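Okay, structure first, notes after.
The values are calculated or read from the model by the stated rules, or taken from the named source; none is laboratory data. Keep in mind that this is a model prediction, so the values were computed, not measured. All Cβ positions, even for glycine, are placed from backbone atoms using ideal geometry, and neighbour counts span all protein chains on display. Quick note on the areas: whole protein, heavy atoms, side chains included, nothing else; ligands and nucleic acids left out. Shrake-Rupley method; radii C 1.70, N 1.55, O 1.52, S 1.80 Å.
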Amino acid sequence: QKEVEQDPGPLSVPEGAIVSLNCTYSNSAFQYFMWYRQYSRKGPELLMYTYSSGNKEDGRFTAQVDKSSKYISLFIRDSQPSDSATYLCAMSAGQGSGTYKYIFGTGTRLKVLA
Amino acid sequence: GAGVSQSPSNKVTEKGKDVELRCDPISGHTALYWYRQSLGQGLEFLIYFQGNSAPDKSGLPSDRFSAERTGGSVSTLTIQRTQQEDSAVYLCASSLVMSAGGDNEQFFGPGTRLTVL
């Protein structure tokens, strides 16, 4: 079993829809949770990050972390065709674990149809 | 340059040959990371550098893989005796300092697409 599981999709939605992207994880030591967006043939770019449990909102994007369920989500409101990309979750245990490495999900490919 | 650059952008090699992949981080970034991205596998951590030191090499798949960083800047990932399963996109990222959270953003380069025939 992978430490981080993410549905690869593809996920197709109409423009304006609310998109929900999710990851589950098994390592209870993870404290930092990130969402990256990756366009085709490009490197990933950071969208949002949260520390520990809770919600964080930034414009049309909301990140949620539920550490009790080991489940994180990214919501995209009023989705646009320009949101079409692969979305990767990433997690890290932090300095106390002795390493700074990120563990990434496989990514979910999202297509927003005009 | 303004961002992380990687070279070459594409590399096709024959099985058994050695390859070198280069990463130029953002100027002033002390931390540098290498990842591998294969179809359906997501980003796989390989190694990171703090300055010229590599505290965590646990992600390197085999002893055919090595990496170095000189002058706290450019890094080279070397794969010896390449195998077909080494075919992937190799991504490099850099961050201002070494820390775990997203408040210390890792900026990614465009990657090197390696194909081993």
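With open to solvent by less than 10 Å² (accessible area, probe 1.4 Å), at pLDDT 95 or above and closer than 23 Å to A:Lys2 by Cβ as the only criterion, which of B:Tyr90, B:Tyr48 stands out? Break it down into steps so the answer makes sense when it comes.
Working: B:Tyr48 fails: at pLDDT 95 or above.
The conditions single out B:Tyr90.
Out of B:Glu20, B:Glu105, which single residue is in contact with a strand residue (DSSP E or B) (Cβ under 8 Å, 6 or more places away or on another chain), modelled with pLDDT under 90 and open to solvent by 20 Å² or more (accessible area, probe 1.4 Å)? Please lay out each step first, then the result.
On the way: B:Glu20 fails: modelled with pLDDT under 90.
Of the residues listed, the single one that is in contact with a strand residue (DSSP E or B) (Cβ under 8 Å, 6 or more places away or on another chain), modelled with pLDDT under 90 and open to solvent by 20 Å² or more (accessible area, probe 1.4 Å) is B:Glu105.
Between A:Tyr51, A:Tyr100, which is under 23 Å from B:Ser5 (Cα atoms), modelled with pLDDT under 95 and aromatic (Phe, Trp, Tyr)?
Values: A:Tyr51 fails: under 23 Å from B:Ser5 (Cα atoms).
So the residue among A:Tyr51, A:Tyr100 that is under 23 Å from B:Ser5 (Cα atoms), modelled with pLDDT under 95 and aromatic (Phe, Trp, Tyr) is A:Tyr100.
Take residues that are within 13 Å of the chain's Cα centre (by Cα) and within 11 Å of chain A (Cβ to nearest Cβ) and tell me which of the strands (runs of 3 or more DSSP E) falling wholly in segment B:1-97 contain 3 or more. Lay out the reasoning, then the answer.
Numbers: elements: B:5-7, B:10-13, B:19-24, B:31-38, B:42-50, B:53-56, B:65-69, B:75-79, B:88-95.
Hits in segment B:1-97: B:31-38, B:42-50, B:88-95.
Under 7 Å between Cβ atoms, which residue pairs at least 6 apart in sequence (or on different chains) link something in segment B:2-25 that is among the β-branched types (Val, Ile, Thr) with a partner that is open to solvent by 40 Å² or more (accessible area, probe 1.4 Å)?
Hits for this filter: B:Val4/B:Asp24; B:Val4/B:Phe107; B:Val12/B:Thr115; B:Val12/B:Leu117; B:Val19/B:Lys11.
What's the number of the only condition in (1) surrounded by 14 or more Cβ atoms within 10 Å (Cβ to Cβ); (2) among the basic types (Lys, Arg); (3) in contact (Cβ under 8 Å) with a residue 12 or more places away in the chain that A:Arg77 fails to meet?
Evaluating A:Arg77 over (1) surrounded by 14 or more Cβ atoms within 10 Å (Cβ to Cβ); (2) among the basic types (Lys, Arg); (3) in contact (Cβ under 8 Å) with a residue 12 or more places away in the chain leaves (1) as the failure.
Yes/no per residue for (1) crowded, with 16+ Cβ neighbours inside 10 Å; (2) hydroxyl-bearing (Ser, Thr, Tyr):
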{"residue": "B:Gly28", "(1), (2)": "no, no"}
{"residue": "B:Tyr33", "(1), (2)": "yes, yes"}
{"residue": "B:Ala54", "(1), (2)": "yes, no"}
{"residue": "B:Arg69", "(1), (2)": "yes, no"}
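Can you tell which of A:Ala17, A:Ala90 is open to solvent by less than 30 Å² (accessible area, probe 1.4 Å) and either under 28 Å from B:Pro55 (Cβ atoms) or within 14 Å of another protein chain (Cβ to nearest Cβ) (or both)?
Numbers: A:Ala17 fails: either under 28 Å from B:Pro55 (Cβ atoms) or within 14 Å of another protein chain (Cβ to nearest Cβ) (or both).
Step by step, each of A:Ala17, A:Ala90 is checked, and only A:Ala90 is open to solvent by less than 30 Å² (accessible area, probe 1.4 Å) and either under 28 Å from B:Pro55 (Cβ atoms) or within 14 Å of another protein chain (Cβ to nearest Cβ) (or both).
Being more than 14 Å from chain B (Cβ to nearest Cβ), at pLDDT below 95 and either over 22 Å from B:Phe45 (Cα atoms) or touching a Pro at 6+ places or on another chain (Cβ under 7 Å) (or both) is true for just one of A:Lys42, A:Lys67. Which residue is that?
Working: A:Lys42 fails: more than 14 Å from chain B (Cβ to nearest Cβ).
Being more than 14 Å from chain B (Cβ to nearest Cβ), at pLDDT below 95 and either over 22 Å from B:Phe45 (Cα atoms) or touching a Pro at 6+ places or on another chain (Cβ under 7 Å) (or both) holds for just one of A:Lys42, A:Lys67, which is A:Lys67.
Considering only residues that are farther than 13 Å from A:Asn22 by Cβ and more than 14 Å from every other protein chain (Cβ to nearest Cβ), look in segment A:93-114 and name the one that is least open to solvent (accessible area, probe 1.4 Å). Walk me through how you get there before you give the answer.
In the first step, residues of segment A:93-114 are kept if they are farther than 13 Å from A:Asn22 by Cβ; the result is A:93-104, A:109, A:111-114.
The next check asks that each one be more than 14 Å from every other protein chain (Cβ to nearest Cβ); those that pass are A:111-114.
Details: A:Lys111: 117, A:Val112: 8, A:Leu113: 79, A:Ala114: 112 Å².
So, considering only residues that are farther than 13 Å from A:Asn22 by Cβ and more than 14 Å from every other protein chain (Cβ to nearest Cβ), the one least open to solvent (accessible area, probe 1.4 Å) is A:Val112.
Looking only at segment A:42-69, how many residues end up being loosely packed, with under 14 Cβ neighbours inside 10 Å and in contact with a Ser or Thr (Cβ under 9 Å, 6 or more places away or on another chain)? Don't jump to the end; show me each part of the working.
Of segment A:42-69, the ones loosely packed, with under 14 Cβ neighbours inside 10 Å are A:52, A:54-55, A:57-59, A:66, A:68-69.
From the residues that got through so far, the ones that are in contact with a Ser or Thr (Cβ under 9 Å, 6 or more places away or on another chain) too are A:55, A:66, A:68-69.
Selection size over segment A:42-69: 4.
Could you count how many residues in segment A:28-41 are of a type in the set (Phe, Trp, Tyr) and open to solvent by 70 Å² or more (accessible area, probe 1.4 Å)? Full working, then the answer.
In the first step, residues of segment A:28-41 are kept if they are of a type in the set (Phe, Trp, Tyr); the result is A:30, A:32-33, A:35-36, A:39.
Adding the requirement that they be open to solvent by 70 Å² or more (accessible area, probe 1.4 Å) leaves A:39.
Of the residues in that region, 1 qualify.
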